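Input: a single structure, listed below in structure tokens.
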Ligand code: AGP
């Protein structure tokens, strides 16, 4: 039937809540008949993938940037992430690249479509990672990796993003297995974590109440920065995009370790700094970057794995998600980041589902 808001105030709110199902269904699409992770490609097809260029825009581009950490780390296959609108007017060198992956929720973003066509012209095989069945990118790609997030109506992408990440980490595992870079035990351990993810996301959906007072303050900010290290750096950029498109507050995502090379000059008293932290090998370094920002007057809003906050020795508003294997932390930490942007816009009174100047899918250049 007709797609309605199902009792929620906004499509975005509804779609945030649909993420456990979006992840579950997308993972099912990446699970073979033997119950193990599969990319629906033969071992030979996977082994033939030697270098990847990812083509996407906006939120889908940030998904590609997270995937680079997974694919290079697990499958030892080089990945370049390109902004689609730039790629299709370049004359790219394709040495060492066999495959282009076009990532698009709608499958209709003209920039991404043109970038994929350009890649095909350059002799690359193409994979479309799309949410909409039968979309132009789905029809034109040589192969498809589908997300099963269901229709996304809110202009701000939420469930499509976490579904893209689910498919991309599964692809990374399948590629790593085909190439012999991961043993079955580690592959299955990641699969177990992914199967637990819908439940953990469900728990994180209870953070609305904790985030409401933070959003209430954030709405007064003129500018904000978002920080993350490693595969949380793209989540910082995604968080900043969510905040700017929904609340019209200037927001910029930086790699935490890059702050000292310039952006730290932006920090002044009470500048909100939304910081992402996982319990991984970068945790201590990332926390010390945040302490530095706090010492300069930044007001830290820390969004973290519950195991990453024990030794925090600076003032911060702390929001925690359940403990997870660090490899899937980018997916889980996205949830509070989305909720914060949603609540800030709601408090400010902007049009959440239909922000000014934006269209759901951008079919012009
Ligand atoms: C996300 O919140 C944006 N509205 C936008 O960046 C979007 O992700 C981008 O336009 C790409 O869309 P696509 O995934 O449908 O190609």
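Coordinate-derived values only; no laboratory data. All values reported here derive from a predicted model rather than from experimental measurement. Cβ: placed from backbone, ideal geometry, glycine included. Neighbour counts: every protein chain shown.
Using the count of nearby Cβ atoms within 10 Å as a rough guide to exposure, how do 61, 250, 10 rank from fewest to most?
With the fewest neighbours first, 61, 250, 10 line up as 250, 10, 61.
For the chain, set up a GNM with springs between Cα atoms under 10 Å and report which of 339, 97, 225 has the largest fluctuation.
Maximum fluctuation in the GNM of the chain, among the listed residues, is at 97.
Quick one: P(r) of the stretch 160-205 from all Cα-Cα pairs, 10 Å bins, percents rounded to integers, in order of increasing distance.
So the P(r) values, bin by bin, are 26, 50, 21, 3.
Name the residue, out of 156, 185, 240, whose mean-square fluctuation peaks in a Gaussian network model built on the chain with Cα pairs under 10 Å.
185
Using Cα pairs under 8 angstrom and six or more residues apart, how large is the relative contact order of the chain, in percent?
Working: 739 pairs, mean separation 71.3, N = 365.
Relative contact order of the chain: 20 percent.
What per residue convex hull volume, in Å³, comes out for the stretch 153-245 when only alpha-carbon positions are used?
Values: hull volume 12.1 nm³, N = 93.
Output value, Cα hull per residue: 130 Å³.
Taking 22 Å as R0, compute the FRET efficiency from the Cβ-Cβ separation of residue 98 and residue 186 and round it to 0.05.
The calculated FRET efficiency here is 0.35.
With an 8 Å Cα cut-off and a minimum separation of 6 or more residues, compute the relative contact order for the stretch 69-119 in percent.
Reported relative contact order: 37 percent.
Along each principal axis of its Cα atoms, how long is the stretch 55-150 end to end? Whole angstroms, biggest number first, please.
Largest to smallest, the principal-axis extents are 33, 29, 22 Å.
Using the C-alpha atoms of the stretch 191-237, what convex hull volume per residue, in cubic angstrom, is computed?
With only Cα atoms used, the stretch 191-237 gives 91 Å³ per residue.
Please give the helix 58-75 orientation as an angle from the longest Cα principal axis of the chain, in degrees from 0 to 90, rounded to the nearest 10.
70 degrees
Radius of gyration and Dmax for the stretch 30-103's Cα atoms, expressed in Å?
For the stretch 30-103, the Cα-based Rg and Dmax read 13.4, 43 Å.
So if R0 is 30 Å, what FRET efficiency would residue 36 and residue 142 give, r being the distance between their Cβ atoms, rounded to the nearest 0.05?
The calculated FRET efficiency here is 0.80.
Of 288, 135, how do they rank once you tally other Cβ atoms within 10 Å and put the fewest first?
Working: 288 13, 135 21.
Placing the least packed residue first, the sequence is 288, 135.
How many percent of all Cα-Cα pairs in the stretch 308-365 sit more than 20 Å apart?
52 percent
Please arrange 116, 237 by how many other C-beta atoms lie within 10 Å of their C-beta, fewest to most. Spell out each step's value before the answer.
Working: 116 30, 237 21.
Ranking 116, 237 by Cβ neighbours within 10 Å, fewest first, gives 237, 116.
What is the Å³ per residue value for the convex hull set by the Cα atoms of the stretch 212-365?
Given the Cα convex hull of the stretch 212-365, per-residue volume reads 119 Å³.
For the stretch 106-206, compute Rg over Rh where Rg is the Cα radius of gyration and Rh is the Kirkwood radius from the inverse mean 1/r over Cα pairs.
Taking Rg over the Kirkwood Rh, I get 1.03.
With only alpha-carbon atoms in the gyration tensor, what are the semi-axes of the equivalent ellipsoid for the chain, in Å, largest first? Could you put the intermediate results ahead of the total?
Numbers: eigenvalues 194, 105, 86 Å².
Three semi-axes, in Å: 31, 23, 21.
Can you give the angle from 0 to 90° between the axis of helix 159-178 and the longest principal axis of the chain, with both taken from C-alpha atoms, to the nearest 10?
50 degrees
With just the Cα atoms defining each centre, how far is the stretch 1-55 from the stretch 174-200? Give it in Å.
15 Å
In a Debye calculation with equal point scatterers on the alpha-carbon sites of the stretch 131-176 and no solvent, what is log10 I(q)/I(0) at q = 0.30, 0.32 Å⁻¹?
Once normalised to I(0) and log-transformed, intensities are -1.11, -1.13.
Could you check which residue among 82, 108, 45 shows the biggest mean-square fluctuation in a GNM of the chain with a 10 Å Cα cutoff?
Looking only at 82, 108, 45, the largest GNM fluctuation is found for 45.
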